[in-house]
Amino acid sequence: MASSAYFNSIDPENMARKSFPYGEVKIELGDYGPQSHNSEQYYELQKENLLTNELADKIKQLNGVEKVQEYYGSVFNVTIPTGDQDPVVSDAFTVDNQELLTNYLIEGTADYQELVQNNGVLIADTEQWNDTFGWEVKIGDEITLEAGTGYSIKVKVLGIVDGNIPYSGYNTLFIPLEMLKSLVPLDNLVYQFIVDTDNNRWETVREEIQSLVPSMSHTYITTFNDWVQAYQDSLTNYRMPVYAFIVFIGVFGIINLLNTLITNMLTRKRELGILQAVGLSKKQLARMLWTEGLLYSAGTMIISIVLGTIAGILLCQVFSAMSIFGVVTYRFPLLEMTGFLALILTVQTLFSLFAVKQFQHYSLVEQIRET
């Protein structure tokens, strides 16, 4: 119950939509997106940036395209207070996205002018910093940004935003656009296009976009469906070993149930023989065994539903906090529970038929004499 409830509560489409809140097709500069490059490599790519206004205009003219949204930023080698350094895709903090960042601000400030005047940046409150580097982000922490040009600058964390912010770009680190341009003095700092389509035409739009982009270009095109499939595959990899273990336990559970029923039948053979001797019919015997079996099944189901539901809710809350599959909202595993109930009832029905048939092989004298 707990495991099936947790896996049923994970919605791959909802998870993928967090990366595509404003569109269905993503075009990124980079072989597998900007996150696959360090600052030096990405600076060279941005020198000959293919994500231009001309390409955006051509995409807007495609059938089914409603909007093309541009995201500005670059990759910096970031040195954090622990001394660790890692390439981080840094998004430009502009006046346009200030309102969104302010709405999802957890602590500090998201005032653009204040950030510019104090060499400040915004950082998302994600588990990445603590889990990977052991850094618990705090207001006032200083980090060093090193651009592919060789320029570096020390900046302060002046704001912390919610890691679940609905943002199609990379939301790990936000740097004011003025500071970004001083570190990476290029005319075109676009690193990503998000294409909003209508009527679920994103697969067709992707094919048409791929025809507009040179085959050997350093661009990476993905769709909402790609991300959904990736999450489904990842979920399957988690689900299969867990379900295999559950089946393993379930087999022994069924064996234990049958052992209990058979032991109960054998120890009561004399009792049932006496009841038949004083007038209990075979039909009444079958009904009695069936009723007892239903009580076993009902008890099993009540325990499973009550304890399983509590365990499932707790499991969803724990794993939501760990952010393995994002925020998980509990859903009752109706299909799995129905299958489990059907299995228990089937086993119980077959056993009742078997028990009645077995008693028919014995005479009343044999049953009563049984010790």
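Every number in this text was worked out from the coordinates using simple rules, so none of it is lab data. It should be emphasised that the depicted structure is a prediction, and the values quoted were computed from it without experimental measurement. Positions of Cβ are backbone-derived with ideal geometry, glycine not excepted, and every protein chain shown enters the neighbour counts.
Worth a mention:
- Ratio of the Cα radius of gyration of region 1-109 to 2.2 N^0.38 Å, where N counts its residues: 1.39
- Column: log10 I(q)/I(0), Debye, Cα scatterers of region 43-82, q = 0.17, 0.23, 0.24, 0.36 Å⁻¹: -0.62, -0.85, -0.88, -1.23
- The Stokes-Einstein estimate for region 172-279, based on a Kirkwood radius over Cα pairs and taken at 25 °C with 0.890 mPa s viscosity, is a diffusion coefficient of 113 µm²/s.
- Rough spin-label spacing in nm, given labels placed 7 Å along Cα→Cβ, for ASP57 and GLU207: 2.7
- The local environment of ASN77, defined by Cβ-Cβ distances under 13 Å, has a net charge of -4 under the rule Lys, Arg +1 and Asp, Glu -1.
- Normalised contact order of region 278-350, rounded percent, pairs of Cα under 8 Å and 6 or more residues apart: 41
- Our note on the geometry: Cα centres of region 171-198 and region 31-85, 7 Å apart.
- Secondary structure note: in the chain, about 75% of the DSSP beta bridges are antiparallel.
- Mean separation of Cα contacts under 8 Å (6+ apart) over length of the chain, as relative contact order %: 27
- Overall size of the chain from C-alpha positions, given as principal axis extents largest first: 102, 48, 31 Å.
- Bins of 5 Å, starting at 0 and running to the largest distance - Cα pair percent for region 262-343: 3, 12, 14, 15, 11, 10, 9, 7, 6, 5, 4, 3, 1, 0
- Only DSSP H runs of four or more residues enter the estimate; each adds -39500 (n - 2.57), and after division by the residues of the chain the mean residue ellipticity at 222 nm equals -16500 deg cm²/dmol.
- Excluding same-chain neighbours fewer than eight residues apart, the aspartates and glutamates reachable from LYS282 by a Cα-Cα span under 20 Å are GLU271, GLU292, GLU366, GLU370.
- Take each peptide in 200-213, 113-126, count the other Cβ atoms within 10 Å of every residue, and average; sorted highest first, the result is 113-126, 200-213.
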